[in-house]
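For reference, the structure discussed in these notes is given below.
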Amino acid sequence: MRLNNKVLFSLSNLIRTFEVLLISIFLSRFLLDKNALGQLLQIIFISSVLVTLISGMPLSLNFFYGKYSESEKKHLLFGKFFLMLSAIALILCSLVFILKGFIATSFQNEAFESFIFVIVSFFFIKLINTIFPNYHYLTDKLNKYLFLYIITTVTLVGCFTYNYIFGNFSIENILIQLLCVEIFRLTINFVIIEKKELKINFAAFNKNEFIYILTITTGVILGAFNLYIDKYLVATLLNPTEFVYYQNGAINLPFVNIITSSLFIALIPVFAELNVKDKIKELALETKKAIIKCAFFLMPILIYCFFEAIPLIKFLYGDGFEASGEVFKIYVLRYSLSVMAFSVFMGSIGLEKRSNFIILLSAIIGLILNIVLIPIYGIIGASWAIVIASLSTIAISFYFINKKLKLKISDYFPVKTYFKIIFVSIVLYLPFYFINAFFGIKWVVVGSAIVYYMVVLLILNYKMKFFNLKKLLKKV
């Protein structure tokens, strides 16, 4: 794959992740009724859960596209995977419809009964659209997809602005706007697709594909349980208003999707091919290079977000969300080892079953801790529970990878470089701490973040020579 195609894939993930954050920001600032805001954010939360549950399909598509060398098999992949994804999306949305009463009662959210047809339609189209970023990446059409997503995201922001100006910020109106945007995206995505990719040959379905998809999907389901159990328990054990404060603080940072997830997902075909050919040294080298890139771009962001969590959250959502800032400060810690996408990497080298076990173990730990801590400490307890659960099983992941590849951690994980980046980032943050404390203004904290990030990247690159800036600038 070309470098620019990987960059476009990262940008497409950025836009999709940023859109969820943007929706939360606009609704939090414009919708003053915290209970209504909580109901909308709960609907968007469930859509995110469903998208995560179905994400094993696009991941599997990447894997088989890298595994198959015959062009005929590759051409049949999209039709097969689109059909399977549509069927699963229909099953999931049917379950939501059947359980609408239970969801409405558990979440204290009557919108699930009042607007259920709009909600399940929105969920269904959104789920179908999840396959297109991976498809366009594999067929070198991401530039068109990226343009489409930018235009539709801007359109959505325009709709919210219109609602605010004319005082039409109702739950039903917002849901209809979200549905219309997803329908438009689906229509244009079908225009982009080559017609030969749409053919479906039922004889082309094979057992090995189903086994791999089922295994990956099982891991994804466990991962979703692990990822969202805290938010589900906050929604059911507390109330929509408390859910708002927690949801706005427990942000799934877009930087992680942009940097780590996008890069590792894009490299699945490479990892799979090197593993199949038993080129372990090359595989370890590619992994180390990917982790170094992720640490270089990600760790300075995480360090700044940790120390300036409360001002950053207030800047995004308003002064009334200091409680969300306290949650965010703790929640950032869960990403401290996110420079490697463990489950994605393990799935690409044949350890998907081991990965599922680790995810399940982490999910069980998270469930127990949340049940214990939320009734006592509320949303702060939920924050600590998810951090402990996320980091507690990393050592087991390393053990299985070491055993599979017959390598030491340092052979594929750049331990020294990782800690050097953290140390340099903390040292360079110190002057910005005093600047931010002196002015005490949210805008200064955000402006300082940009300056800090650029300074850290330049100094790190000067000291460690990660990138040739002249070549990089020429490519840009």
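The values are calculated or read from the model by the stated rules, or taken from the named source; none is laboratory data. None of these values were measured; they are calculated from a predicted model. No Cβ is skipped: glycine too gets one built from the backbone with ideal geometry, and neighbour counts run over all protein chains shown. Protein only, heavy atoms only, side chains kept; ligands, DNA and RNA dropped before computing areas. Shrake-Rupley method; radii C 1.70, N 1.55, O 1.52, S 1.80 Å.
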Checklist entry - Given the pairs LYS293/LYS408; LYS141/LYS288; LYS281/LYS404; LYS207/LYS279; LYS144/LYS289; LYS281/LYS403, which are separated by over 18 angstrom at their Cα positions? => result LYS293/LYS408; LYS141/LYS288; LYS207/LYS279; LYS144/LYS289
Checklist entry - What list of ³J(HN,Hα) couplings, whole Hz, do you get for region 318-328 from phi and the Karplus terms 6.51, -1.76, 1.60, once you set θ to phi - 60° and write x for glycine and proline? => result x, 5, x, 10, 4, 4, 5, x, 5, 5, 4
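Divide by every residue of the chain the summed helix terms, -39500 (n - 2.57) for each DSSP H run of at least 4, and state the resulting mean residue ellipticity at 222 nm, rounded to the nearest 500 deg cm²/dmol. Let's see the in-between values first.
Values: 25 runs with 385 residues, N = 476.
So the calculated ellipticity at 222 nm is -26500 deg cm²/dmol.
So for region 78-167, averaging the separation of alpha carbon pairs under 8 Å that are six or more residues apart and normalising by length, what relative contact order in percent results? Intermediate values should be presented prior to the final figure.
On the way: 35 pairs, mean separation 23.4, N = 90.
In percent, rounded to a whole number, it is 26.
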Checklist outcome for this item: Computed ³J(HN,Hα) along region 399-405: with the Karplus parameters 6.51/-1.76/1.60, θ = phi - 60°, integer Hz and x for glycine or proline, the list is 4, 5, 5, 4, 5, 5, 8
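Would you please give the FRET efficiency between SER410 and PHE166, computed as 1/(1 + (r/R0)^6) with r the Cβ-Cβ distance and R0 = 56 Å, to the nearest 0.05? Please report the intermediate quantities before stating the final value.
Details: r = 60 Å, r/R0 = 1.07.
So, using R0 = 56 Å, E works out to roughly 0.40.
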Item to check | Cα-based shape type of region 316-365, given that a ≥ b ≥ c are square roots of the gyration tensor eigenvalues and the cut on a/c is 1.5 | outcome: prolate
Checklist entry - Longest segment of the chain with no GluC sites (Glu not before Pro) in a DSSP loop having at most 10 other Cβ atoms within 10 Å? => result 195-476
Checklist entry - Along the charge dipole of the chain, which of PRO269, PHE124, PHE30 sits closest to the positive end, that is, farthest toward it, with unit charges on the beta carbon of Lys, Arg, Asp and Glu (+1, +1, -1, -1)? => result PRO269
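Using unit Cβ charges (K, R positive; D, E negative) and no other charged atoms, how large, in debye to the nearest 20, is the dipole of region 342-476 about its Cα centre? Mind dumping the intermediate values first?
On the way: 15 positive and 2 negative charges, 166 e Å.
Charge dipole, region 342-476, about its Cα centre: 800 debye, nearest 20.
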Item to check | Additional length obtainable on full extension of the chain from SER94 to GLU273, 0.36 nm per residue less Cα span | outcome: 60.7 nm
Checklist entry - Binning every alpha carbon pair distance of the chain at 10 Å from zero, what are the percents per bin? => result 4, 19, 30, 29, 15, 3, 0
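Among all stretches of the chain without exposed trypsin sites (Lys or Arg not before Pro) (DSSP loop, at most 14 other Cβ atoms within 10 Å), which one is longest?
Result, exposed sites excluded: 3-198.
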Checklist entry - Fully extended, how many nm does the chain gain between VAL444 and LEU186 (0.36 nm per residue separation, minus their Cα-Cα distance)? => result 88.8 nm
Checklist entry - Could you give P(r) for region 106-148, binned at 10 Å from zero, as whole percent values over all Cα-Cα pairs? => result 24, 32, 22, 18, 4
Item to check | Magnitude of the charge dipole, the chain, Cβ model with Lys/Arg +1 and Asp/Glu -1, debye to 20 | outcome: 2100
Checklist outcome for this item: Length gained if LYS420 through SER86 is fully extended, taking 0.36 nm per residue and subtracting the Cα-Cα distance, is 115.6 nm
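Per residue, how large is the accessible surface of region 20-154? Use a 1.4 angstrom probe and give square angstrom.
Numbers: 4970 Å² over 135 residues.
Heavy-atom SASA per residue in region 20-154 reads 37 Å².
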Checklist entry - So how far apart, in nm, are the two label points at ILE150 and TYR453 if each is 7 Å from Cα heading toward Cβ? => result 1.7
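Taking the Cβ-Cβ separation of TYR399 and ASP140 as r and a Förster radius of 60 Å, what is the calculated FRET efficiency to the nearest 0.05? Working shown, then result.
On the way: r = 38 Å, r/R0 = 0.63.
The value I calculate is 0.95.
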Item to check | Carbon + sulfur, % of accessible area of the chain - ligands and nucleic acids excluded, 1.4 Å | outcome: 69
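Under a 1.4 Å probe, what is the accessible area of region 305-421 per residue, stated in Å²? Display every interim value, and only then the final one.
On the way: 4910 Å² over 117 residues.
Here the per-residue accessible area is 42 Å².
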Item to check | Simple spin-label estimate for LEU430 and PHE102 in nanometres, 7 Å along Cα-Cβ | outcome: 5.6
Next on the checklist: Over the Cα atoms of region 219-339, each weighted equally, I'd like the Debye log10 I(q)/I(0) at q = 0.11, 0.17 Å⁻¹, rounded to two decimals.
Outcome noted: -0.49, -0.93
